[in-house]
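No lab work stands behind these numbers, since they all come straight from the coordinates. Keep in mind it's a predicted model, so treat the numbers as computed, not measured. Note that each Cβ is placed from the backbone with ideal geometry, even for glycine, and that neighbours are counted across all protein chains shown.
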Amino acid sequence: MLPLKIIEKYYKPDTKAYNILVIHAALVTKKALEVAKRVPELKPDLQFIQEAAMLHDIGIFKTKAEDIDCHGDKPYLCHGYLGREILEKEGFPKHALVCERHTGVGISKKEIEKNDLPLPRRDLVPFSVEEEIICFSDLFYSKNPASLTTEKSLEKIREELSQFGEDKIEKFNDWREKFKEI
């Protein structure tokens, strides 16, 4: 599997959206591989992490996020399940699940229903160690062009998660311990 070949089926190289996606994905991939190497006892699949982390945001072009040159018709929150649809069509169902389950620290079916979110009515939370590592690593980087390459501090991540509830901060803190992030 060649993640960039798949990305280039959906994004024209050297466009703003392509560049933002690839830079963001490369930073998340690098972070995810660093995290995975710190926890060999969890037996993370490094090749899978490298592939899935590069593809985790492939669905953004189908959303309306003009600041990152995405001109789709869906809310940005939908990019995960849209990415799942793309990668399932490409024949990568396991990678597709990473797309769907990586937002924040995950979104439960209960949260989706309670807040009437425009998402499938199912748990969209990471289950495997590889999904957790990618989800965790994604929290450290934004696709905001002004801060694209800047790694967020633990405090900044907690601050951003706080708007979604204390349980999100607790999940992040649990992962920080599990993945030995100092």
Looking at 98, 28, 39 in this structure, which one is among the β-branched types (Val, Ile, Thr) and loosely packed, with under 15 Cβ neighbours inside 10 Å? 39
Considering only residues of the range 121-179 that are touching a strand residue (DSSP E or B) at 6+ places or on another chain (Cβ under 6 Å) and free of Cβ contacts under 8 Å to residues at least 40 places away in the same chain, which is nearest to residue 52 (Cα to Cα)? 126
Residue ID - surrounded by the most Cβ atoms within 10 Å (Cβ to Cβ), chosen from residues in the range 1-25 that are of a type in the set (Ser, Thr, Tyr) and not in a helix (DSSP H, G or I): 11
Go through the range 152-174 and give me each residue that's charged (D, E, K, R) and either in contact with a Ser or Thr (Cβ under 6 Å, 6 or more places away or on another chain) or surrounded by fewer than 12 Cβ atoms within 10 Å (Cβ to Cβ) (or both). 155, 166
Can you pull out the residues in the range 68-91 that are more than 15 Å from the chain's Cα centre (by Cα) and surrounded by 20 or more Cβ atoms within 10 Å (Cβ to Cβ)? 68, 70
Scan the range 26-49 for residues that are touching a Phe, Trp or Tyr at 6+ places or on another chain (Cβ under 9 Å) and part of a helix (DSSP H, G or I) and jot them down. 27, 28, 31, 32, 35, 36, 38, 42
